[in-house]
1. Take the Cα pairs of segment 391-473, get the Kirkwood Rh, then feed it into Stokes-Einstein at 4 °C and 1.567 mPa s and tell me D in µm²/s.
2. Can you give the extra length, in nm with one decimal, that the chain gains between V442 and N201 once fully stretched, where that is 0.36 nm per residue apart less the Cα-Cα distance?
3. Can you compute the FRET efficiency between V250 and E338 using 1/(1 + (r/R0)^6), with r the Cβ-Cβ distance and R0 = 45 Å? Round to the nearest 0.05.
4. Using a simple spin-label model with points 7 Å from Cα along the Cα→Cβ vector, what separation in nm is obtained for A68 and S383?
5. Counting Lys +1, Arg +1, Asp -1, Glu -1, what net charge surrounds A369 among other residues with beta carbon under 10 Å of its beta carbon?
6. Arrange the following residues from fewest to most other Cβ atoms within 10 Å of their Cβ: S54, S212, S279.
7. Under a plain spin-label model, where a point goes 7 Å from the Cα along Cα-to-Cβ, how far apart in nm are D59 and S480?
8. Set the bar at 27 Å for Cα to Cα. Now go through K72/K450; K48/K72; K301/K476 and name every pair that lies beyond it.
Amino acid sequence: MKTAAASLLALALPALATTGGGPGHGPDHGHEGPGGHHGCQHGCEPNKRPLVSSQKLQDLINIKDLLAGSQKLQDIANAHGGNRAFGGGGHNATVDYLYETLTALNYYDVVKQPFTEIYSEGTGALTVGDQAIEADILTYTPAGEATKPLVAVANVGCDAADYPAAVSGNIALISRGTCPFSQKSINAKAAGAVAAIIYNNVAGELSGTLGSPFKEYAPVVGISQEDGKALLDKLAQGEVTAAVKIDAIVEERVSYNVIAETKAGDHDNVLILGGHTDSVPAGPGINDDGSGTIGILAVAKALTKFRIKNAVRFAFWSAEEFGLLGSYAYMKSINGSEAEVAKLRAYLNFDMIASPNYIYGIYDGDGNAFNLTGPAGSNVIESDFEAFFKSKNTPSVPTEFSGRSDYAAFIENGIPSGGLFTGAEVLKTEAEAALFGGEAGVAYDVNYHKKGDTIDNLALDAYLLNTQAIADSVAKYALSFETLPRVEAKTRRWDADRARMLKRSGGSHGHAGHTHSGPCGGGHSI
């Protein structure tokens with residue numbers, strides 16, 4: 001067996017040597033060099049700890065500690081312009097907090113994995129007559145300003161033929177659906193549009209991403225289905241002039257994943273679980289995904305009280321909101337070795353686990369609900385989570401396993417995957433309100449990707465129970481993977497550059513348009 005330090009060094013040292021250490025640390029921090037400590041040493045007395053059990057690990061999880069962690073993230077955001085967006089001061093401070101906290105436990109080998117990606121930020125405004133319409137920019141949109149007539153695009157704007165000649169020199173009004181937002185924006189630009197407005201095809205607002213910077217985009221904003229229908233009604237009565245103004249920046253930023261693997265345990269059989277550490281620029285991201293970050297961290301702290309059989313790797317991903325960038329960078333760094341990938345026996349994803357109008361969503365690993373099946377073994381993970389909620393006399397529902405979160409790269413490598421999700425901007429149904437309480441017709445999280453995603457935006461009962469569910473899964477798989485198949489090369493669908501470009505141009509992920517299928521990745525791209 002390789003030690004955790006050796007395994008992690010294989011993926012982290014080349015990058016650290018190139019870029020230096022993470023924010024606040026020199027290049028020698030965050031790893032052990034040759035001859036470094038192996039296993040649980042330096043006073044941690046591994047043999048005196050009890051073997052981990054689900055109930056004992058759950059018993060160490062409490063809402064006071066979770067809220068203390070959430071408050072730390074809130075304080076970081078407050079000190080850095082109100083957000084923790086990747087590559088900025090707020091996110092760098094988040095990375096330092098996680099790195100220092102995990103290192104101090106002396107139970108994990110901890111590394112910061114740097115990578116460079118494109119950052120996008122901006123604001124959008126839309127006015128029709130004297131009416132201001134709420135509009136969100138799509139990530140990676142170019143800046144632009146125009147006051148021109150609106151022209152409705154046929155179908156959903158996925159084909160060049162959908163764009164009438166009248167679009168040239170004017171503003172294209174396009175329905176969401178079928179193809180990526182990027183394709184619609186490119187088509188609009190090719191047809192001569194000076195800007196594009198994409199309206200939602202389900203109830204609610206629309207925020208999203210173009211997936212990657214591309215010079216041939218038309219400046220684009222997203223609006224709600226309701227506002228889109230209202231504009232179409234106006235167009236049916238005659239010409240409508242709209243004013244669109246987009247201020248945007250697109251620039252390279254260095255960011256960091258934080259990876260912590262237990263010193264003890266079988267490092268040829270590894271459970272990996274993750275959540276993302278960045279927020280959108282609009283807000284502090286205390287639910288999205290501060291809740292997953294702190295929930296995972298709480299379990300990592302509690303696990304130090306126990307012995308384990310299989311190694312556990314806690315992953316804190318960066319730049320998820322810009323297209324799953326951190327998790328893709330990580331998988332690309334180890335993907336050249338089938339042996340390294342095969343060590344990952346299961347991946348668990350926790351992104352938004354405390355939404356105020358929550359559901360208890362479990363990723364649909366068997367595909368029975370959404371006809372999108374995860375790799376072999378994902379059905380077992382789903383069943384294990386279902387059993388946990390049943391043991392708590394609490395209902396749960398499947399949530400779409402579309403690959404539009406940080407588990408995407410793991411699915412593409414055939415790694416059994418699963419996780420939990422409490423909902424984003426999609427509206428809760430009457431049936432869900434009857435099952436979980438809360439308010440039907442209201443978003444699961446009304447502050448999704450907004451300034452209001454603060455510590456006051458958390459459902460504490462969901463936060464605690466979901467973190468206990470994380471503890472249950474960690475205890476289970478830290479002892480045995482007997483119910484999960486090994487990854488086989490023939491099940492992998494990964495081509496690093498192809499997968500990366502697909503994710504950049506049409507990837508990322510979201511919620512609207514498919515029932516509570518989140519979460520967030522800079523919004524959805526389709």
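Bear in mind these aren't lab numbers, they're just calculated from the coordinates by the rules spelled out. The shown structure was predicted, so the numbers you read here are calculated from the model rather than taken from an experiment. With ideal geometry, Cβ positions are generated from the backbone for all residues, glycine too; neighbour counts draw on all protein chains shown.
1. 88
2. Roughly 85.1 nm would be gained on extension.
3. 0.80
4. Spacing of the two 7 Å Cα→Cβ label points: 3.9 nm.
5. Result for the local shell: -4.
6. S54, S212, S279
7. Distance between the two pseudo-spin positions: 2.2 nm.
8. In this structure, K48/K72 exceed 27 Å between Cα atoms.
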